[in-house]
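Beneath this line is the structure, given in structure tokens, with notes to follow.
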Amino acid sequence: MKDHGRGSDAKMMAKRTEKTSPRLRKIHSYLWEIERSGGMRVPGRIFISESMIDRVCSDGGLDQVVNVAHLPGIVGYSFAMPDIHWGYGFPIGGVAATDPAQGGVVSPGGVGYDINCGVRVATTHLERADVERKLEALVTSLFRHIPTGLGSSGAIRKVSSKELDRVMVIGARWAVEQGYGSKGDLAHTEEEGCLGGADPSAVGQRARSRGCEQLGTLGSGNHFVEIDVVEEIYHKEAAREFGLRPGQIALQIHTGSRGFGHQVCDDYLKVMARAVRKFNLQLPDRQLACAPVESAEGGAYLAAMACAANFAWANRQTIMALAERAMLECLGMTPRDLGLTLLYDVCHNIAKLEDHEVGREVRRLCVHRKGATRAYPPRGVKNPWRTGQPVLIPGDMGTESYICVGQEKSLRETWGSTCHGAGRMMSRKGAIRKARGRNIKQELRRLGITVRYEGRTTLAEEMPEAYKDVDEVVRTCHGAGISKMVARLKPVGVMKG
DNA sequence: ATGTGC
């Protein structure tokens, strides 16, 4: 339990050779099943196209789907989305629901280190031609207004520990109260930007001190702020409802709960390791450390996790307002002319108590989505969407992002979930090796993408080849019917940590 | 992902 996050390449190899790849049985072109065996409480189900199977089998993620199927109280299936890859305990792209009334557990490994990592997209009144010759200046302006990079801080004034308590409890609304964005943004945010059950007393001192200075900061790695062009519309009715039209400029933000959520995860992994012994839980991998939802440990994690989720929503709300200032300053426009309007903000790393149909009855389940996005049809979402909940799928910095919409089928088949993005294919080290001697910035420039970045190795680590084909991932979910494609966005100006 | 390690 001490070795997480270190020497990941060697460790992944060890994991891979531990077991042979589980056998996949075809259900249909986009869905494969792993039969129950050994201590598995449920089968595994992987949404994937035939052409991606080889890659998935070589990565160790499938063994993790099997491991997750062992969790106490798991219901239905251990799911994986097509962007599945190896992660801490759970695969990234994993979805699992447990029933608290049946001893169901909650596991920090099923949420991930970056609690409520997520995406928001805002539309504008601008057209491609309005920004085409100003992209360099725009990205520079974004950089000036939004602190970026590992350990970045000081975006907005440092908040006191007491004020941080309020951020933890009210989430995005805190940012709105501070003048970052408007109240209407909240209706266009998952959970209205505030997950219930947050209890600041469950959050430790270290997490607090990291959180106090990191509100309104982007971070590093795959986090970004992007200027996009709406390149294609697939679903006219939803596009109209979402306010999307071809040629339009949009703003996209991908970030999470920064060091705050990271520290919360770290703290509770230790709590859970003790809980596993206390409750004598039998797990195939210690990284699946967990506790019953209805135990003190499980409840404390969920309360602290909600604090981190709310921090992340406040963070993205703040960053959107900082980005608006950057755009206004650079383009010399009024807010009215720019017309920046939040389309939606959705998270892809979280565990939530949700009501779902299990057989003929509705049960309250603890749904883990780790690198998976909620994708509800109009039914069940407390917001104004007629066509369904917007689903935001970011690509890597050289490829397009997708906007999709939730479907009835996802609610029936995957606890209302779909994929979250392209998913990493190459290790960070591997990508750096591959990029040696190349000028990635210039390569992107030739693709019509202006990029500025902070970290020395960021551009290599995040180069397009390090990621799977987001197009294939999104089409698989579309084909399986768990989310429907609405629009494709092409990046033209990218700011990376 | 992450003040990249106790």
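The values are calculated or read from the model by the stated rules, or taken from the named source; none is laboratory data. Computed from a prediction, not measured in an experiment: that's the story for all the values here. Don't worry about glycine lacking a Cβ; one is built from the backbone with ideal geometry, like all the others, and counts go over all protein chains shown. For the accessible areas, the whole protein counts, side chains as well, though only heavy atoms, and no ligand, DNA or RNA atoms are used. Shrake-Rupley method; radii C 1.70, N 1.55, O 1.52, S 1.80 Å.
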Q) Stretched out fully, how many nm does the piece from A:Gln282 to A:Gln205 gain, at 0.36 nm a residue minus the Cα gap? A) 24.6 nm
Q | Pairs beyond 20 Å (Cα-Cα), from A:Lys352/A:Lys484; A:Lys158/A:Lys183; A:Lys134/A:Lys236; A:Lys441/A:Lys496; A:Lys429/A:Lys468 | A | A:Lys352/A:Lys484; A:Lys158/A:Lys183; A:Lys134/A:Lys236
Q: Assuming R0 = 35 Å, can you tell me the calculated FRET efficiency for the pair A:Ile53 and A:Glu357, based on Cβ-Cβ distance, to the nearest 0.05?
A: 0.70
Q | Fraction of the pair-distance distribution of the range A:179-305 above 20 Å, Cα-Cα pairs, percent | A | 63 percent
(Q) Take A:Ser37 and A:Lys429, extend 7 Å from each Cα along the Cα→Cβ direction, and tell me the distance between the two endpoints in nm. (A) 3.1 nm
Q. Per the Kirkwood treatment, what hydrodynamic radius in Å, one decimal, follows for the range A:312-441 from the mean inverse distance over all distinct Cα pairs?
A. 17.7 Å
Q) Taking only protein heavy atoms and a 1.4 Å probe, what accessible area per residue, in Å², does the range A:413-497 have with all protein chains in place? A) 40 Å²
Q | Rounded if a/c under 1.5, otherwise prolate or oblate - the range A:419-459, Cα gyration tensor axes | A | oblate
Q) Tell me, what is the 1.4 Å probe accessible area of A:Lys26, in Å² to the nearest 10? A) 100 Å²
**Q.** For the range A:273-338: rounded, prolate or oblate by the Cα gyration tensor [a/c cutoff 1.5]
**A.** prolate
(Q) Before I look further, what does the range A:208-260 give for accessible area per residue, probe 1.4 Å, in whole square angstrom? (A) 29 Å²
Q: Give, in whole angstrom and from largest to smallest, the semi-axes √(5λ) of the equivalent ellipsoid of the range A:108-169, with λ running over the eigenvalues of the Cα gyration tensor.
A: 31, 18, 13
Q. Quick one: in chain A, what % of C-alpha pairs are over 40 Å apart?
A. 14 percent
Q.
Leaving out ligands, DNA and RNA, and with a 1.4 Å probe, what % of the accessible surface on chain A is carbon or sulfur?
A. 48 percent
Q: Would you kindly find the accessible area of A:His125, with a 1.4 Å probe and non-protein molecules such as ligands, DNA and RNA excluded, rounding to the nearest 10 Å²?
A: 110 Å²
**Q.** Cβ-derived FRET efficiency at R0 25 Å, A:Arg336 paired with A:Glu237, nearest 0.05
**A.** 0.35
Q | Computed over the range A:107-239, the ratio Rg/Rh where both radii use C-alpha atoms and Rh is Kirkwood | A | 0.99
(Q) Could you tell me the calculated FRET efficiency between A:Lys158 and A:Asp130, based on Cβ-Cβ distance and R0 = 45 angstrom, to the nearest 0.05? (A) 0.80
Q) Which loop-located trypsin sites (Lys or Arg not before Pro) does the range A:407-457 contain, where loop means any DSSP state but H, G, I, E or B and the Cβ has at most 10 other Cβ atoms within 10 Å? A) A:Arg436, A:Arg456
Q: Would you mind estimating how fast the range A:69-174 diffuses translationally, via Stokes-Einstein at 10 °C and 1.306 mPa s with the Kirkwood radius over Cα pairs, in µm²/s?
A: 86 µm²/s
**Q.** Near-label residues of the range A:333-362 by backbone N, under 15 Å of a point 7 Å along Cα→Cβ of A:Arg325
**A.** A:335
Q: Express the accessible area of the range A:113-170 per residue in Å², computed with a 1.4 Å probe while the remaining protein chains stay in the model.
A: 45 Å²
